[in-house]
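Asker: I am attaching a structure below and will ask some questions about it afterwards.
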Amino acid sequence: MIRVAVIGSGAISAAHIEAYLSFGDRCRIVALCDVFPEKAEERKEKHGLDCEAAGDYRELLARNDIDLVSVCTPPYTHADIAVHALQSGKHVIVEKPMASSLEECDRMIAAAKASGKILSVVSQNRFGDAVMKLKHVLDSGLAGRIVHAQVDSFWWRGYVYYDLWWRGTWEKEGGGCTLNHAVHHIDMFQWMMGMPERVTAVMSNTSHDNAEVEDLSIAILSYPRALAQITSSVVHHGQEQKLIFQGEKARISMPWQVTASLAQENGFPKPHPELEQEIEALAGDLPPLQYTGHKGQLDDVLKAIEKGIGQVLVTGEEGRKTLELITAIYQAASTGRTVESPLGPGSPFYTREGIMAGATHFYEKKNSVTGFSSNQITVSGESS
């Protein structure tokens, strides 16, 4: 039986708790923790848990009856909690984004290697049938070499969204929509396309003058013989989100769509139904996942612990790649200069202090509340 502690009792912790409860024969939640202990107590009661509700995560990490820690706190706290947990002999799964700087990511990865424990970064959208289908077809090569990719990470958030005490500042949130919303799609994209050679970007705050950070960014990524574009937003009504890959032979995308073309004698396109059917058949042969979303990722981590293999789909190194791409977007947009990969200690945006000093500050944070009376979260227009 794997014994679990959940640190942070905000909205996202519910996804972790509910997933763990669904694996009741494999794990048990023994502790919840929040800097506001009453929130941990509320979360405990809401889910009917028989566990400790604590206010200091350091006291929990000193216990010997905890095997796995879920870190569900604001991004700027991830590194210290994760490193402490790993050094205390606990496995760690940390919510996205992995941390608020690449320097923090590197400390987390080093701690995991030194401890021999698992460090996994939440990328729950990888654990979805549609994503796996898209990845499977891309890896098959049926679409040919990818020449262009398009990421539309369109969300909408009202003005008061940034009133929450830790949101809307470079110091505590680490960034705006590019980091905390588009991270899902940027993670899926880099998993499928790999890291670019160069990044050019612009960003703005168009609608939230109660936040320092951006609410809209557009990036152009350069690959050998390919380009990609990423739009990150919290100002798009309807919250449509897409990943589109244009190959030499066919276009495939999520939401799922396949279009293949052949050239006529004059170079204009005509349909290629045979290739479309071949791609559809390959996608249809992929069996559905047993578990999806957070449940799928936590199952992946639990299996790694149970089997003692230590290998998970989303490692600390994978989480770092996603943050590296986001950091490159911020550096390019803030400096007005193209950024070359990879980013390391030589980057002025490598540390949190460097980001705070170098990132464009659009406005001053005007309000600060500890929570909202309604804690309902909607994703892509659906309540969850």
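Asker: Expressed in nm², what is the orientationally averaged projection area of the convex hull enclosing the Cα positions of region 1-149? Let's see the in-between values first.
Answerer: On the way: hull surface 43.1 nm².
Result: 10.8 nm².
Asker: Rg/Rh for region 135-178 to two decimals, with Rh computed the Kirkwood way over all alpha-carbon pairs.
Answerer: 1.27
Asker: If I take R0 = 35 Å and measure r between the Cβ atoms of Val160 and Ala130 in this structure, what FRET efficiency does the formula 1/(1 + (r/R0)^6) give, to the nearest 0.05?
Answerer: Details: r = 32 Å, r/R0 = 0.91.
Result of the calculation: an efficiency of 0.65.
Asker: With every protein chain left in place, what is the accessible area per residue of region 45-187 in square angstrom, probe 1.4 Å?
Answerer: Numbers: 4770 Å² over 143 residues.
With all protein chains present, region 45-187 gives 33 Å² per residue.
Asker: On the first, second and third principal axes, largest extent first, how far apart are the outermost C-alpha atoms of region 229-384 in Å?
Answerer: Over region 229-384, Cα extents along the principal axes are 58, 49, 38 Å.
Asker: Between Ser341 and Ser204, what FRET efficiency follows from the Cβ-Cβ distance if R0 is 22 Å, with the result rounded to 0.05?
Answerer: Given R0 = 22 Å and the Cβ-Cβ separation, E is 0.35.
Asker: May I pose another question? Once both labels are modelled 7 Å past Cα along the beta-carbon direction, what's the Glu18-Lys270 spacing in nm?
Answerer: 5.1 nm
Asker: Would you mind putting 234-240, 209-215 in packing order, based on average other-beta-carbon counts within 10 Å, highest first?
Answerer: Details: 234-240: 16.0, 209-215: 24.0.
Result, highest mean first: 209-215, 234-240.
Asker: Step through the table entries Lys96/Lys133; Lys44/Lys307; Lys96/Lys249; Lys249/Lys321; Lys295/Lys366; Lys39/Lys365, compare each Cα-Cα distance with 26 Å, and write down the pairs that go over it.
Answerer: Distance filter (> 26 Å) returns Lys44/Lys307; Lys96/Lys249; Lys249/Lys321; Lys295/Lys366.
Asker: Carbon and sulfur: what percent of the chain's accessible surface (1.4 Å probe)?
Answerer: Working: 8310 of 16570 Å².
Answer for the chain: carbon and sulfur cover 50 percent of the accessible area.
Asker: Hey, can you grab everything whose amide H is under 5 Å from the amide H of Gly176? Only 5+ residues off in sequence or another chain; H modelled, so Pro and N-termini drop out.
Answerer: Here the answer is Glu214, since their amide H atoms fall under 5 Å of that of Gly176.
Asker: Also, I was wondering about something else. Please find the FRET efficiency linking Met1 to Gln277, where r is the Cβ-Cβ separation and R0 is fixed at 51 Å, and quote it to the nearest 0.05. It would help to have the intermediate numbers written out before the result.
Answerer: Working: r = 48 Å, r/R0 = 0.95.
The calculated FRET efficiency here is 0.60.
Asker: With each pseudo-label sitting 7 Å past Cα toward Cβ, what's the Gln87-Ala110 distance in nm, one decimal?
Answerer: Result for the modelled spin labels: 1.1 nm.
Asker: Per 10 Å bin, what is the whole-percent P(r) computed from every C-alpha pair distance within region 267-306?
Answerer: 24, 25, 21, 17, 10, 2
Asker: Sort Val147, Val131 by heavy-atom solvent-accessible area, probe 1.4 angstrom, most to least.
Answerer: Val147, Val131
Asker: Please list log₁₀ I(q)/I(0) at q = 0.08 Å⁻¹ for the chain, using the Debye equation with identical point scatterers on the alpha-carbon positions.
Answerer: Values, matching the q order: -0.42.
Asker: Once region 27-111 is represented by equal point scatterers at the alpha-carbon sites, with solvent omitted, what log10 I(q)/I(0) does the Debye formula produce at q = 0.18 Å⁻¹?
Answerer: Here the Debye-derived log intensity ratios amount to -0.76.
Asker: Between Thr315, Ile329, Leu298, whose Cα lies farthest towards the positive end of the dipole of region 251-384 when Lys and Arg beta carbons carry +1 and Asp and Glu beta carbons carry -1, centred on the Cα centre?
Answerer: Ile329
Asker: In debye to the nearest 20, how big a dipole does the chain give about its Cα centre with +1 on each Lys and Arg Cβ and -1 on each Asp and Glu Cβ? Let's see the in-between values first.
Answerer: Details: 36 positive and 48 negative charges, 89 e Å.
For this selection, approximately 420 debye.
Asker: Rg over Rh of region 1-74, using C-alpha atoms and the Kirkwood radius, what does it come to?
Answerer: 0.92
Asker: Continuing with this model, one more query. Explain nothing, just compute: Karplus ³J(HN,Hα) = 6.51 cos²θ - 1.76 cosθ + 1.60, θ = phi - 60°, for every residue of region 45-62 in order, whole Hz, x for Gly and Pro.
Answerer: Once θ is set to phi - 60°, the couplings for region 45-62 become 5, 4, 9, x, 8, 9, 7, 7, 10, 10, x, 10, 5, 5, 5, 5, 5, 7 Hz.
Asker: Can you run phi through the Karplus equation (6.51, -1.76, 1.60; θ = phi - 60°) for region 146-151 and list ³J(HN,Hα) in whole Hz, with x for Gly and Pro?
Answerer: Each residue's phi maps through the Karplus curve to give 6, 10, 8, 10, 9, 10 Hz.
Asker: Which length gain, in nm to one decimal place, applies between Thr370 and Glu52 when the Cα-Cα distance is subtracted from 0.36 nm times their residue separation?
Answerer: 112.2 nm
Asker: To make sure I understand the rule: partners must be aspartates and glutamates, Cα under 18 Å from the Cα of Lys270, and not fewer than 8 residues away in the same chain. Which ones qualify?
Answerer: Output for Lys270: Glu248, Glu278.
Asker: Grab the Cα-Cα distance for Lys307 and Ser222, subtract it from 0.36 nm times how many residues apart they are, and report the gain in nm with one decimal.
Answerer: My answer for the length gained is 26.6 nm.
Asker: Shifting gears a bit: With n ≥ 4 as the cut-off for DSSP H runs, can you work out [θ] at 222 nm for the chain, using -39500 (n - 2.57) per run divided by the number of residues, rounded to the nearest 500?
Answerer: Taking each H run of at least 4 residues, the total per residue is -10000 deg cm²/dmol.
Asker: Further, regarding this structure: Give me the percent relative contact order of the chain, please, defined on Cα pairs under 8 angstrom at least 6 residues apart.
Answerer: Over the chain, the number comes to 20 percent.
The values are calculated or read from the model by the stated rules, or taken from the named source; none is laboratory data. Everything quoted here is computed from the prediction, not taken from an experiment. Note that we place each Cβ from the backbone using ideal geometry, even for glycine, and neighbour counts take in every protein chain shown. Note: accessible area is taken over every heavy atom of the protein model, side chains too, but ligands, DNA and RNA are not part of it. Shrake-Rupley method; radii C 1.70, N 1.55, O 1.52, S 1.80 Å.
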